[in-house]
Amino acid sequence: MRTKLVAITTLAVAASLMVSVQAHHSNAAFDLGKEITLKGSVTEWFWANPHCILQLDVRDENGQVEHWVTEGSNPPGMTNEGWSKTFLKSGDQVTVTVHPVKNGKPAGRLLQIVLPDGKTLSTFGGAKGAVARAAAGAGAAKVPKVEEVIPAR
């Protein structure tokens, strides 16, 4: 009887942990059918678990600045894609492609970045739009053509 109780308790705990992990990795907040590309200035680069965070200021044609927050993958996963803790500095001009959040706020899941030196890095499988096509055909030394630049609201 005691063995059966331990087995049932263990299964219940394992099931609750799986639900918790699945909820953490949900894509529900992001519009996975949409990719937008932003040009901006890095304000912060956080290299931390469970997700790296890139914050940047995007300036529209009127000079108004909108602060964007983008979520990357975890540090080990991003390291495997060529990212590093120290390669971004405040003030760096970058072009990023994101899956925006559904609620319209200036936030999204980071898919790809074009660094100041023209190098392109991806995360979460990368971008599927013109930036990715241009990067694949142009090589890392050229800055890819931007598909869509979203100005500040």
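The values are calculated or read from the model by the stated rules, or taken from the named source; none is laboratory data. From a predicted model like this one, the values you see are computed outputs, not experimental measurements. Don't worry about glycine lacking a Cβ; one is built from the backbone with ideal geometry, like all the others, and counts go over all protein chains shown.
Kindly check whether there is at least one residue in the stretch 83-92 that is part of a loop (DSSP other than H, G, I, E, B), among the polar types (S, T, N, Q), exposed (fewer than 13 other Cβ atoms within 10 Å of the Cβ) and touching a strand residue (DSSP E or B) at 6+ places or on another chain (Cβ under 7 Å). Within the stretch 83-92, one or more residues are part of a loop (DSSP other than H, G, I, E, B), among the polar types (S, T, N, Q), exposed (fewer than 13 other Cβ atoms within 10 Å of the Cβ) and touching a strand residue (DSSP E or B) at 6+ places or on another chain (Cβ under 7 Å).
Within the stretch 66-82, restricting attention to residues that are of a type in the set (A, V, I, L, M, F, W, C) and modelled with pLDDT of 95 or more, the residue that is surrounded by the most Cβ atoms within 10 Å (Cβ to Cβ) is W68.
Residues that are free of Cβ contacts under 8 Å to residues at least 40 places away in the same chain and more than 14 Å from the chain's Cα centre (by Cα) within the stretch 29-61 comprise G33, D57, listed in sequence order.
Scanning the stretch 93-130 for residues that are among the hydroxyl-bearing types (S, T, Y) and part of a loop (DSSP other than H, G, I, E, B) turns up just one, T123. In the condition set (1) out of contact with any strand residue (DSSP E or B) (no Cβ under 7 Å at 6 or more places or on another chain); (2) more than 19 Å from L32 (Cβ to Cβ), L115 is compliant with all but (1).
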